[in-house]
Amino acid sequence: MSQRTLGAWAALVVIVLCGAVVYGLHGATREAALPLADAGLIREQAAAKHLDPALVAAVIYAETKFEPRPSSAGAQGLMQILPATAYYLAHLSGGTRFAAGDLATPSVNVAYGSYYLRYLLNHYEGDEMLAVAAYNGGETNVDRWVAAAHAEGRQLSAEAIPFPETREYVVRVLSAQAIYRSSYGRALGID
C-alpha cells in the first residue's frame with residue numbers, strides 16, 4: 001500500500017471518528033437537556049390509551065425529569081400521581097387490587113398517569129392545553145377557569161391561567177412535547 005493510499009485511509013478514519021464524536025456529543029447534549037427513559041413503557045401505555053407518546057414523555061419530564069421521588073404533596077412515581085387520584089382512577093377503570101404503594105412501580109405509575117391523561121383529554125374534548133392544566137392544577141379549577149372565560153366570550157388560553165405554577169407547567173409540558181416529538185420520534189414510535 002502506498003504512502004498516499006495509507007494517508008487517505010488515515011484521513012478517512014479521522015473524519016469518521018470526528019463525526020462519531022460530534023454525533024455522540026449532540027446526542028448526549030440532547031439527552032442531558034431532555035432525558036428519556038422507559039421509552040418502551042411510554043409507547044405501550046400511549047398506544048393503549050390512544051395518547052401521543054411525546055405528551056406522556058413530556059408530562060414525565062415536567063413532573064420528575066425521569067427521576068421519581070415523592071413530592072411534598074404526597075404524589076408518587078414518574079408521573080407524580082396522588083394516591084387519592086390513583087384510587088379514583090382505579091375505581092373508574094374497574095381496578096380492585098390497587099394499593100398506594102403500587103405507584104412506586106414505573107409500569108403501574110405510567111399506566112395510571114396515562115389513564116388520567118386520557119380521562120382529562122376526553123373531558124376537555126381533546127384539548128391538550130386544558131388537559132395538561134388539569135393534570136397540574138386540578139380538574140375543578142380548570143372547569144371553573146373555562147367557565148369564566150366562556151362567560152366573558154373567550155376561550156381559556158395558557159397565558160390566562162390564573163395559577164402561575166400551572167401556567168408555567170402547561171408551557172413547559174407543551175414545549176417539551178414538541179422537543180420529544182422531534183428529538184425522540186423513533187424511540188417513542190412516532191416516526
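Derivation of every value follows stated rules applied to the coordinates shown; laboratory data play no part. None of these values were measured; they are calculated from a predicted model. All Cβ positions, glycine included, derive from the backbone under ideal geometry; neighbour counts span all protein chains shown.
Ranked by how many other Cβ atoms sit within 10 Å of their own Cβ, fewest first, the residues Leu188, Leu34, Leu103 fall in the order Leu34, Leu188, Leu103.
Taking label positions 7 Å along the Cα-Cβ direction at both Val171 and Thr140, the computed distance is 2.8 nm, reported to one decimal.
Based on the Cβ-Cβ distance of Ala104 and Ser182, what FRET efficiency does E = 1/(1 + (r/R0)^6) give at R0 = 22 Å, to the nearest 0.05? About 0.10, to the nearest 0.05.
Among Thr166, Thr96, Thr105, what is the fewest-to-most ranking by other Cβ atoms within 10 Å?
Thr96, Thr105, Thr166
The GluC sites (Glu not before Pro) found in the range 130-191 that occupy coil by DSSP, while having at most 16 further C-beta atoms within 10 Å, are Glu152. Each of Arg69 and His91 was given a label point 7 Å from its Cα along the Cα-to-Cβ line. The distance between the two points is 3.2 nm. Roughly speaking, what % of Cα-Cα pairs in the range 38-183 are separated by over 20 Å, rounded to a whole number? So the portion of pairs separated by more than 20 Å is 45 percent.
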